[in-house]
1. What's the center-to-center distance, using Cα atoms, between segment 103-135 and segment 43-101 in Å?
2. Are there any trypsin sites (Lys or Arg not before Pro) in segment 8-46 that are in a DSSP loop and have at most 16 other Cβ atoms within 10 Å? List them by number.
3. How large is log10 of I(q)/I(0) for segment 262-352 at q = 0.20 Å⁻¹ when the intensity is taken from the Debye formula with one equal scatterer per alpha-carbon?
4. Relative to the present Cα-Cα distance, how much length would full extension add between GLU27 and ASP427 at 0.36 nm per residue of separation?
5. How far is it, in nm, from the label point at GLU301 to the one at GLU320 when both lie 7 Å from their Cα along the line to the Cβ?
6. At most 12 other Cβ atoms within 10 Å and a DSSP loop assignment: could you name the trypsin sites (Lys or Arg not before Pro) in segment 52-134 that fit?
7. In segment 1-126, what is the volume of the convex hull around the alpha carbon atoms, normalised per residue and reported in Å³?
8. Amide H of ALA106 versus every other amide H placed in the peptide plane: which residues, excluding those fewer than 5 positions away on the same chain, fall under 5 Å?
Amino acid sequence: MTTFVDRVELHVAAGNGGHGCASVHREKFKPLGGPDGGNGGRGGDVILTVDQSVTTLLEYHHSPHRKATNGKPGEGGSRSGKDGQDLVLPVPDGTVVLDAAGNVLADLVGQGTSYVAAQGGRGGLGNAALASARRKAPGFALLGVPGDVLDIQLELKTVADVALVGYPSAGKSSLISVLSAAKPKIADYPFTTLVPNLGVVTAGATVYTVADVPGLIPGASQGKGLGLEFLRHVERCSVLVHVLDTATLESDRDPVSDLDIIEAELREYGGLENRPRIVVLNKIDVPDGKDLAEMVRPDLEARGYRVFEVSAVAHMGLKELSFALAELVAGARAARPKEEATRIVIRPKAVDDAGFTVSREEDGLFRVRGEKPERWVRQTDFSNDEAVGYLADRLNRLGVEDRLMKAGARSGDGVAIGPEDNAVVFDWEPSVTAGAEMLGRRGEDHRFEAPRPAAQRRRDRDAERDEAQQEFDGFEPF
């Protein structure tokens, strides 16, 4: 049964925003209490967060579909809907987030590092929030915006300082078991190690981690054996250790040729050329192994490698090796650039940036693309004439109508707002005044402007008095 997974495809869906409410306040003896529809709640986000207690992506291998909760719709009495709850997904340290095309979206390293994989939709405004001096009683509300729905890939790259690489059964698992407190599976057959193992080593004042990578064979970078699946775990390591078997029973192998083959695979994989290398000649407790190590050591040192002869079984040469690795790790840490505090960068919008584009396609259709126009279309209830008129007003104030006219659009031409797979298409009519005809001008309710007899009588008396005063002022005495 699989217990370690380092690559999964995850289907995430953020919560949808709740719809706004169109409501009129009703109370005894107050038939026209005004709009009191509340706003819809925000949809929940899907957030990936690094958790040190998580070491594998196995949970998402079995349950790849994850969805946050939706926002609640608004209600009458100016009651806003409840926001959706964010869905926090714990991932191992060193997880890389990629989109469906393989582009890196985030590299999550360090406890608590977070990334919003899918953003929840915005809640729609209720008619109470849409009311204004000109639109006293809106008979509509805005719809909630759907949350993001997308497929992402998660890849785990082990965060370690030292990587042990070499042929299967070269003794990597035995070496990490004696250098640290790790307890990997050890057996006398190839590919015993099926997953990377991590161990913590203390050498003087330096504490570092060592990763045991499953055995590599010729062609690993092209997918043979287990190499391609686990070579990515070497990318973050500062030091590479070639563990060479000096007591192999295969007649066509020797430590030098093994080193050349593994180096060729690392070059083929790419990105590891500048990592310092150390060569470990293992199994010198075997008589033939000791003799072979003494034979190949001068050749390896002539190539510029630091060579250590060790025996994981007999615990020979381990102290010198651990301190040599600590020295290289400390040097690599000192050479890293210091992390600077996150700087807040403000990028104001350009003066001539309208926030949308208008383009004419080959079939004569005019397409409008932009964050605001597309969001406004998604929030519009097209079964409500007043809501459609409100959308027309917003687009006109944004300048969409002027840009369409400059692009050559004429009355009756087709206009699409949004991407090709999810667009709203309509026949364009310049300066359209839409709305509920029973309300007169859009957004106005004449019931609030009913005649007031007492006020009218007072205005008539004032007019008569003013007229009399004018006549008196114009009278000339004899």
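1. Each part reduced to its Cα centre gives a spacing of 13 Å.
2. Sites meeting the loop and neighbour criteria: ARG26, LYS28.
3. The Cα Debye sum returns log10 ratios of -1.10.
4. Full extension from GLU27 to ASP427 adds 139.7 nm.
5. 0.9
6. Numbers: sites: ARG66, LYS67, ARG79, LYS82, ARG122, ARG134; in loops: LYS82, ARG122, ARG134.
Those that pass, being in a loop and sparsely packed, are ARG134.
7. 117
8. Long-range HN contacts for ALA106: VAL97.
The numbers here are math on the coordinates, done by the rules we state, and not lab data. Everything numeric here is computed off the predicted structure, so don't read it as measured data. Don't worry about glycine lacking a Cβ; one is built from the backbone with ideal geometry, like all the others, and counts go over all protein chains shown.
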